[in-house]
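**Q** I'd like to ask you about the structure that follows.
The values are calculated or read from the model by the stated rules, or taken from the named source; none is laboratory data. Treat the numbers as computed from the prediction; the structure is a model and nothing was measured. For neighbour counting, all protein chains shown are included, and Cβ atoms are generated from backbone atoms with ideal geometry for every residue, glycine included. In case anyone asks, the SASA skips ligands and DNA or RNA and just uses the protein heavy atoms, side chains included. Shrake-Rupley method; radii C 1.70, N 1.55, O 1.52, S 1.80 Å.
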Amino acid sequence: MEIYFLGTNAGVPTLQRNVSSVALRLLEERRSLWMFDCGEGTQHQVLRSPLRLGRLEKLFITHLHGDHLFGLPGLLSSRGYQGGTAPLTVYGPPGLKAFLDISLSVSQSRVPYKLEVIEHNGGLIFEDESFKVESALLEHRIDSYGYRVTEKDRPGSLNTERLKAYGLKPGPLYGVLKSGRNVTTDEGITIAAADVLSEPKRGRIITVLGDTRPCGNSIPLAREADLLVHEATFSHDLAKMARDYHHSTTVQAAEIAKEAHARQLILTHFSSRYGSLDELIPLLEEARSIFSNTLLAEEFRLYPVERKTGN
């Protein structure tokens with residue numbers, strides 16, 4: 001599981017950074033790609049990355065401002081031209097479906113795969129046997145949502161050497177034990193799953209917040225997250241400007257991570273006033289003074305989502 005940034009700038013693209021888009025690679029977990037936001041030029045960024053649009057399974061839009069949305073019609077169209085045939089689901093606030101219907105119909109764009117658009121007002125928006133995705137309203141100039149992706153715990157590994165000692169060969173009973181149930185062999189030997197299974201693999205939690213001021217819903221969304229992606233549009237000295245424009249500062253993002261007991265924070269959505277990476281270093285230092293395990297989002301860099309071990 002890895003986070004990959006395709007765009008980290010706020011408002012408009014610059015020569016150094018594109019506008020917002022974040023990818024979550026789930027190659028080992030389900031051989032797919034999820035994406036959060038799709039600012040203008042995202043499909044160009046994908047071409048420069050190791051990502052493949054054919055693997056894109058779900059796309060979550062935080063809000064309907066152009067720097068998070070304008071790349072979506074082009075990306076959906078290009079996915080078809082590049083041979084993408086698997087179904088794709090796009091989630092976002094009310095208004096998203098109308099935007100896509102008009103954009104794709106007026107441009108006569110061909111989408112040769114099943115495209116489902118799900119508008120929501122927060123809550124549990126997706127769940128299967130492996131993952132669930134929850135969302136909640138944040139505080140911005142228009143409705144903006146944060147997303148919390150929870151990977152469900154997975155069974156531990158079977159101790160094959162111990163099973164061999166029981167005389168049990170690979171077969172259907174392995175699956176029964178893996179599910180946590182005891183089995184009895186043909187010889188009448190009962191094998192307890194607890195005796196041959198390691199500890200369950202703890203699922204990871206990734207939280208991606210849309211544009212927002214600090215608000216009450218940020219903490220529950222980020223609670224105990226293994227990785228929190230939070231906007232840091234401005235440095236701490238511009239806190240009044242951040243509030244006026246319904247954004248957050250570096251220090252506010254770090255305070256959210258600290259209060260939520262997140263394990264790692266990655267800052268993104270930087271104002272164009274900060275040009276090169278060197279100009280962002282003071283922002284990083286501000287955040288680290290509050291929450292030490294903080295990184296800057298850099299485009300075209302993979303950030304592994306580490307699995308917490310132990311208690």
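**Q** Based on what the data block shows, is TYR166 of a type outside the set (Asp, Glu) and under 16 Å from the mean Cα position of the chain (by Cα)? Spell out how you get there, then give the answer.
**A** Numbers: of a type outside the set (Asp, Glu): yes; under 16 Å from the mean Cα position of the chain (by Cα): no.
So TYR166 fails the test.
**Q** For region 168-180, give me the residue count where each residue is open to solvent by 60 Å² or more (accessible area, probe 1.4 Å), assigned to a loop (DSSP other than H, G, I, E, B) and more than 14 Å from ALA192 (Cα to Cα).
**A** 2
**Q** Give the residue that is nearest to the chain's Cα centre (by Cα), with candidates limited to residues of region 41-59 that are among the small types (Gly, Ala, Ser) and assigned to a loop (DSSP other than H, G, I, E, B).
**A** Residues of region 41-59 among the small types (Gly, Ala, Ser): 41, 49, 54.
The next check asks that each one be assigned to a loop (DSSP other than H, G, I, E, B); those that pass are 41, 49.
Working: GLY41: 19, SER49: 17 Å.
Ranking the candidates gives SER49 first.
**Q** Starting from residues that are among the aliphatic types (A, V, I, L, M) and modelled with pLDDT of 95 or more, keep the ones in region 27-40 and report whichever is farthest from the chain's Cα centre (by Cα). Quick ask: steps written out before the conclusion?
**A** Pass one, region 27-40, residues among the aliphatic types (A, V, I, L, M): 27, 33, 35.
Narrowing the set further to residues that are modelled with pLDDT of 95 or more leaves 33, 35.
On the way: LEU33: 10, MET35: 7 Å.
Of everything passing the filter in region 27-40, LEU33 is farthest from the chain's Cα centre (by Cα).
**Q** A further question follows. Within region 278-311, how many residues turn out to be in contact (Cβ under 8 Å) with a residue 40 or more places away in the chain, over 19 Å from ALA262 (Cβ atoms) and open to solvent by 50 Å² or more (accessible area, probe 1.4 Å)?
**A** 5
**Q** For region 196-208, check the following and say yes or no: at least one residue is out of contact with any strand residue (DSSP E or B) (no Cβ under 7 Å at 6 or more places or on another chain), at pLDDT 95 or above and of a type in the set (Ser, Thr, Tyr).
**A** Within region 196-208 (the criterion being out of contact with any strand residue (DSSP E or B) (no Cβ under 7 Å at 6 or more places or on another chain), at pLDDT 95 or above and of a type in the set (Ser, Thr, Tyr)), the answer is no, since none of the residues qualifies.
**Q** Please work out which residue is surrounded by the fewest Cβ atoms within 10 Å (Cβ to Cβ), limiting yourself to region 132-158 and to residues that are of a type in the set (Asp, Glu) and not in a strand (DSSP E or B). Steps first, please.
**A** Filtering region 132-158 for residues of a type in the set (Asp, Glu) gives 134, 139, 143, 151, 153.
Filter again for not in a strand (DSSP E or B), leaving 139, 143, 153.
Details: GLU139: 16, ASP143: 18, ASP153: 12.
Once the filter is applied, the top-ranked residue is ASP153.
**Q** Another question, then. Pairs only if they're at least six apart or on different chains, beta carbon under 7 angstrom, first in region 205-228 and closer than 16 Å to LYS132 by Cβ, second charged (D, E, K, R) and open to solvent by less than 30 Å² (accessible area, probe 1.4 Å); list them, first residue then second.
**A** ILE205/ASP226; ILE206/ASP226; ASP226/ARG204
**Q** So, in region 101-126, exactly how many residues are part of a strand (DSSP E or B) and open to solvent by less than 70 Å² (accessible area, probe 1.4 Å)?
**A** Qualifying residue count, region 101-126: 6.
**Q** From the residues in region 65-117 that are under 21 Å from the mean Cα position of the chain (by Cα) and charged (D, E, K, R), which one is nearest to LEU53 (Cα to Cα)?
**A** ARG79
**Q** Checking the condition open to solvent by 50 Å² or more (accessible area, probe 1.4 Å) and not in a loop (DSSP other than H, G, I, E, B), which residue from GLU129, GLU161 passes?
**A** GLU161
**Q** Restricting attention to region 97-142, and to residues there that are touching a strand residue (DSSP E or B) at 6+ places or on another chain (Cβ under 6 Å) and of a type in the set (Asp, Glu), which single residue is nearest to GLY180 (Cα to Cα)?
**A** Among those that are touching a strand residue (DSSP E or B) at 6+ places or on another chain (Cβ under 6 Å) and of a type in the set (Asp, Glu), it is GLU134.
**Q** For the subset of region 175-195 comprising residues that are farther than 28 Å from GLU306 by Cβ and among the polar types (S, T, N, Q), which member is modelled with the lowest pLDDT?
**A** Per the stated criteria, the residue is THR185.
**Q** Mind checking which pairs have a first residue in region 135-152 that is modelled with pLDDT under 95 and a second that is in a loop (DSSP other than H, G, I, E, B) and open to solvent by 10 Å² or more (accessible area, probe 1.4 Å), Cβ under 6 Å, 6 or more apart or different chains?
**A** Pairs found: LYS152/SER130.
A quick yes/no check of all residues on (1) in contact with a strand residue (DSSP E or B) (Cβ under 6 Å, 6 or more places away or on another chain); (2) under 23 Å from ARG307 (Cα atoms); (3) modelled with pLDDT under 95:
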| site | (1), (2), (3) |
| --- | --- |
| TYR245 | no, no, no |
| THR250 | no, no, no |
| LYS258 | no, yes, no |
| ARG263 | no, yes, no |
| ILE266 | yes, yes, no |
| ILE281 | no, no, no |
| ARG288 | yes, yes, no |
| LEU296 | yes, yes, no |
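One line per residue, one yes/no per condition, for (1) surrounded by 17 or more Cβ atoms within 10 Å (Cβ to Cβ); (2) touching a helix residue (DSSP H, G or I) at 6+ places or on another chain (Cβ under 8 Å); (3) over 27 Å from LEU24 (Cα atoms):
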{"position": "ALA193", "(1), (2), (3)": "yes, yes, yes"}
{"position": "GLY203", "(1), (2), (3)": "yes, no, no"}
{"position": "THR212", "(1), (2), (3)": "yes, yes, no"}
{"position": "SER218", "(1), (2), (3)": "yes, yes, no"}
{"position": "PHE234", "(1), (2), (3)": "yes, yes, no"}
{"position": "LEU238", "(1), (2), (3)": "yes, no, yes"}
{"position": "ALA242", "(1), (2), (3)": "yes, yes, yes"}
{"position": "HIS246", "(1), (2), (3)": "yes, no, no"}
{"position": "GLU259", "(1), (2), (3)": "no, yes, no"}
